[in-house]
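Worksheet: one structure, shown below.
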Amino acid sequence: MEFGTPLVGNAKRIMFLGSGELGKEMVIEAQRLGMETVAVDRYDLAPAMQVAHRKYVVNMLDGKALRALVLRENPDAVVAEIEAIDTDALIELEENGVRVIPNARAVKTCMNRLELRRTAAEKVGVPTTEYRFAESAEEAEEACKDVGLPCLLKPEMSSSGHGHVLVKSIDEVRNAYEESVAHARGKGKRVIVEEYVKVDTELTVLTYRHNFRGSVETRTLEPVEHKRPSYYYVESWHPSKVSSEIKERAKEYAVRVVEELGGVGIFGVEILVSGSRVLFNEVSPRPHDTGLVTMASQDISEFQIHVRAAAGLPIPSVKLVSPAAAHVILAQGETWAPTYLNLEKALEIPGVQVRLFGKPSTYEKRRMGLVLAVGDNVDEAIEKARKASSMILVK
């Protein structure tokens, strides 16, 4: 393999569709390998744009614009970093020779809850919550009766918990259905109605596929554990504290789903633990937000894994080098050009690092930064991360 030099005509070029904090870390890893980087997002000054060689502001749900941009840049690989992408355009580009990471079908499947659930539960056969599909308020009522109350309604396509509605009585279903589809990406009217379970904890099994000695190999990392007070990510820690038996079941389900999706790169497989039940939930076809902790816990982060796989490079082994935790820094209101207070106080804590993402504006609960902490054990790392993140204020 040959790797050239960026900006002089012979570099490998990689395009990131989505330029948030996950994209920023991937851009940095790609540049460490001498790759030329192109960052794309719907708004200007996104985190990855601040470090990429070139940037474009494009509505990636506009298939014509997306195709034109990819053809203009002619990248060696295209990485989907967010959900708001015209996946049919990705499939068409792939059919015409563009290399999509992990592959266009996997991206489309993972971004559609109904298709993903069919793939995992019906085709692969891994355990999930009970579920039904509905395309109207009347069908949603029948689905809720079948699944049992309380239950959850989720739109066919959305992200970060948008449109997730907890239903406790049949009288609430019609309004819940309307709220769910109102928050869907696009104009879809379909929802998934899921059994509501008491979640004891959640795992992300980071599972990667890469080219190794002439064939594609699938490997799993030590599961990341996390708990969400709502539908958005707040903190995660590594390694997880669940039993080895639960870890092995989680890894098995992750491998089965990821091998069905195919391609190369890292997948964030979300697993719910409820009592003795270990349940597949969802999967992202890229680095996962809970996996940000791997920047402190592993010798090779999830971002480097994804970029190396995209570049056709091997990742023969990944080591857990320290117990670690990550905790987000959230905005509490809406403003332009935010400032941050008490960074110096947080960094007085031994073993703490801070990542400020550089987003140009805030809104309620927007993720603006991250605290990473290492410790002699997971509990110590969690305590440090929580303490440091509580000090940093977004103004």
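Can you report the number of residues in the range 1-32 which are under 23 Å from the mean Cα position of the chain (by Cα) and not polar (S, T, N, Q)?
Of the residues in that region, 18 qualify.
Would you kindly identify the strands (runs of 3 or more DSSP E) lying entirely within the range 129-227 that contain at least 3 residues that are in contact with a Cys (Cβ under 8 Å, 6 or more places away or on another chain)?
Ranges flagged: 191-195.
How many residues are free of Cβ contacts under 8 Å to residues at least 60 places away in the same chain, assigned to a loop (DSSP other than H, G, I, E, B) and farther than 12 Å from Ala388 by Cα if we restrict to the range 332-372?
Within the range 332-372, residues that are free of Cβ contacts under 8 Å to residues at least 60 places away in the same chain, assigned to a loop (DSSP other than H, G, I, E, B) and farther than 12 Å from Ala388 by Cα number 8.
Could you pull out the residue among Ala106, Ala143 that is within 25 Å of Tyr231 (Cα to Cα), at pLDDT 95 or above and in the same structural domain as Lys189 (by TED's automatic domain parsing)?
Within the list Ala106, Ala143, the selection yields Ala143.
Which residues, taken from the range 127-165, are closer than 16 Å to Arg113 by Cβ, of a type in the set (A, V, I, L, M) and out of contact with any His (no Cβ under 8 Å at 6 or more places or on another chain)?
Ala134, Ala140, Ala143, Val147, Met157, Val165
Out of all the residues in the range 51-65, is one or more surrounded by 20 or more Cβ atoms within 10 Å (Cβ to Cβ) and either more than 22 Å from the chain's Cα centre (by Cα) or touching a residue at least 60 places away in the same chain (Cβ under 8 Å) (or both)?
Checking the range 51-65: not a single residue is surrounded by 20 or more Cβ atoms within 10 Å (Cβ to Cβ) and either more than 22 Å from the chain's Cα centre (by Cα) or touching a residue at least 60 places away in the same chain (Cβ under 8 Å) (or both).
Among the residues of the range 111-128 satisfying the criterion of being part of a loop (DSSP other than H, G, I, E, B) and at pLDDT below 95, which is nearest to Arg190 (Cα to Cα)?
Asn112
If Gly262 passes every condition in (1) crowded, with 21+ Cβ neighbours inside 10 Å; (2) on the phi > 0 side of the Ramachandran plot but one, which one does it miss?
Exception for Gly262: condition (1).
In the list Thr290, Thr339, which residue meets the criterion of being of a type in the set (S, T, N, Q) and crowded, with 22+ Cβ neighbours inside 10 Å?
The unique qualifying residue is Thr290.
Restricting attention to strands (runs of 3 or more DSSP E) lying wholly within the range 4-109, give those where 1 or more residues are closer than 17 Å to Gly312 by Cα and in contact with a helix residue (DSSP H, G or I) (Cβ under 6 Å, 6 or more places away or on another chain).
It comes to 13-17, 36-41, 77-80.
Residues checked against (1) under 19 Å from Pro229 (Cβ atoms); (2) in the same structural domain as Ala30 (by TED's automatic domain parsing); (3) of a type outside the set (Val, Ile, Thr); (4) out of contact with any Cys (no Cβ under 8 Å at 6 or more places or on another chain):
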| residue | (1), (2), (3), (4) |
| --- | --- |
| Ser297 | no, no, yes, yes |
| Ile329 | yes, no, no, yes |
| Ala337 | no, no, yes, yes |
| Pro360 | no, no, yes, yes |
| Lys365 | yes, no, yes, yes |
| Glu383 | yes, no, yes, yes |
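Condition check: closer than 16 Å to Thr201 by Cβ, in contact with a strand residue (DSSP E or B) (Cβ under 6 Å, 6 or more places away or on another chain) and crowded, with 19+ Cβ neighbours inside 10 Å. Does Val318 satisfy that?
No, not satisfied.
Considering only residues that are of a type in the set (A, V, I, L, M) and within 17 Å of Glu194 (Cβ to Cβ), which ones fall in the range 270-313?
Ile271, Leu272, Val273, Val278, Leu279, Val283
Name the residue, out of Gly4, Gly9, Gly18, Gly97, that is crowded, with 20+ Cβ neighbours inside 10 Å and either closer than 24 Å to His162 by Cα or out of contact with any Ser or Thr (no Cβ under 9 Å at 6 or more places or on another chain) (or both).
Selected residue: Gly18, the only one of Gly4, Gly9, Gly18, Gly97 that is crowded, with 20+ Cβ neighbours inside 10 Å and either closer than 24 Å to His162 by Cα or out of contact with any Ser or Thr (no Cβ under 9 Å at 6 or more places or on another chain) (or both).
The values are calculated or read from the model by the stated rules, or taken from the named source; none is laboratory data. Source: prediction; values computed, not measured. Quick reminder, even Gly has a Cβ in these numbers, built from the backbone with ideal geometry, and neighbours come from all protein chains shown.
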